[in-house]
Amino acid sequence: PKDDKSRVAELVLSTNDPKTPTFKLKFATVAGSARVTLQKEVLDFGFPKPGSDAVQQTQLTSSGASVLKVDEVDTSGLAAKLFEVLLVSNQGGKELTAPFELAPGDSANVIVTYKGNDTSPHVGDIIFKTNDSSLLSEGGPGWKRLKVKVNSTGPCLKIEPQSVNFPMTGVGQTSTKSVQLSVCGNEQVCITDAPFDAPGAGPFALDWSEA
């Protein structure tokens, strides 16, 4: 950077993932805010035996410097008759219902149970609506999406992390962070475009050499 001002840029990835054709990846130098991370951002149940319950889980963590507020856990993207979603605090084992708060470093297990009795594909998102200001999505600011898929094939892209925050970097110096793109389906993912949203990249630059 040429000075010590905070900066933000947003990269837009266009893919052939039919469920989420566009990903927005935010780069920022802002610190001291609430942040949310998911241990796994895709819960893939594979192809469970019809009539038998299947369980997948991940961990939601307050990874920022301020209290994480989860105002809503939106499960409307999943068929209510097929899925049950349970959140349990890792600090005391209490069941959590939105709205709730997690102190910095605290976490909760997100337990999803599939109760289907067919072999049809089921794909949807669980949306955690939070006060994480680094998250930008087509739905709303602070929304963290957890993709859920059962009996599903096709292109599927996973990006970890979806928000990249740089530490304070001296004027004239360079700081580097890595983002991992991985395929979560059984077909090749094609990234057809990857521009930065307006006003552009600014001091941020991408290096695809390790891809």
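Is it the case that segment 54-64 has a residue that's of a type outside the set (Asp, Glu), at pLDDT below 90, open to solvent by less than 70 Å² (accessible area, probe 1.4 Å) and closer than 25 Å to Asp197 by Cβ? So that I can check it myself, show each step before the final result.
First pass over segment 54-64, keeping only residues of a type outside the set (Asp, Glu): 54-64.
If we keep only those that are at pLDDT below 90 too, we end up with 64.
Okay, now just the ones that are also open to solvent by less than 70 Å² (accessible area, probe 1.4 Å), so 64.
From the residues that got through so far, the ones that are closer than 25 Å to Asp197 by Cβ too are 64.
The answer is yes, given that some residue of segment 54-64 is of a type outside the set (Asp, Glu), at pLDDT below 90, open to solvent by less than 70 Å² (accessible area, probe 1.4 Å) and closer than 25 Å to Asp197 by Cβ.
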What are the residue pairs meeting all of these: first residue in segment 168-180, first residue over 21 Å from Ile191 (Cβ atoms) and touching a residue at least 24 places away in the same chain (Cβ under 8 Å), second residue among the hydroxyl-bearing types (Ser, Thr, Tyr) and open to solvent by less than 100 Å² (accessible area, probe 1.4 Å), Cβ atoms under 9 Å, and 6 or more apart or on different chains? Met168/Thr29; Met168/Ser175; Thr169/Thr29; Thr169/Ser175
Looking for whichever is surrounded by fewer than 16 Cβ atoms within 10 Å (Cβ to Cβ) and touching a residue at least 24 places away in the same chain (Cβ under 8 Å) here; the options are Thr113, Thr130. Which one fits? Thr113
Just to be sure, is Leu102 closer than 18 Å to Leu43 by Cβ and either surrounded by 12 or more Cβ atoms within 10 Å (Cβ to Cβ) or in contact with a Leu (Cβ under 6 Å, 6 or more places away or on another chain) (or both)? no
From the list Lys19, Lys81, pick out the single residue that is at pLDDT below 95, out of contact with any strand residue (DSSP E or B) (no Cβ under 8 Å at 6 or more places or on another chain) and either outside any strand (DSSP E or B) or of a type outside the set (D, E, K, R) (or both). Lys81
Just one of Asn165, Asn151 is among the polar types (S, T, N, Q) and on the phi < 0 side of the Ramachandran plot; which is it? Asn165
Within segment 64-78, which residues are in a loop (DSSP other than H, G, I, E, B) and over 13 Å from Lys147 (Cα atoms)? Gly64, Ala65, Ser66, Val67
Per the filter on segment 103-126, residues within 16 Å of Leu86 (Cα to Cα) and at pLDDT 95 or above are Ser107, Ala108, Asn109, Val110, Ile111, Val112, Thr113, Tyr114, Ile126
Of all residues in segment 47-63, count the ones that are in contact (Cβ under 8 Å) with a residue 60 or more places away in the chain and either part of a loop (DSSP other than H, G, I, E, B) or of a type in the set (A, V, I, L, M) (or both). 7
The residue from Val171, Val179 that alone is out of contact with any Leu (no Cβ under 9 Å at 6 or more places or on another chain), aliphatic (A, V, I, L, M) and farther than 14 Å from Leu60 by Cβ is Val171
Please verify whether Glu10 is at pLDDT below 95, under 21 Å from Val150 (Cβ atoms) and in contact with an Asp or Glu (Cβ under 8 Å, 6 or more places away or on another chain), treating the condition exactly as stated. no
List pairs: first residue in segment 86-97 and open to solvent by less than 30 Å² (accessible area, probe 1.4 Å), second residue in a loop (DSSP other than H, G, I, E, B) anywhere in the structure, Cβ distance under 9 angstrom, at least six positions apart or on different chains. Leu87/Thr97; Leu87/Ala98; Ser89/Asp106
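The values are calculated or read from the model by the stated rules, or taken from the named source; none is laboratory data. In this text, all values refer to a predicted model and were calculated from it rather than measured experimentally. Positions of Cβ are backbone-derived with ideal geometry, glycine not excepted, and every protein chain shown enters the neighbour counts. Heavy atoms of the whole protein, side chains included, go into the accessibility calculation; ligands, DNA and RNA do not. Shrake-Rupley method; radii C 1.70, N 1.55, O 1.52, S 1.80 Å.
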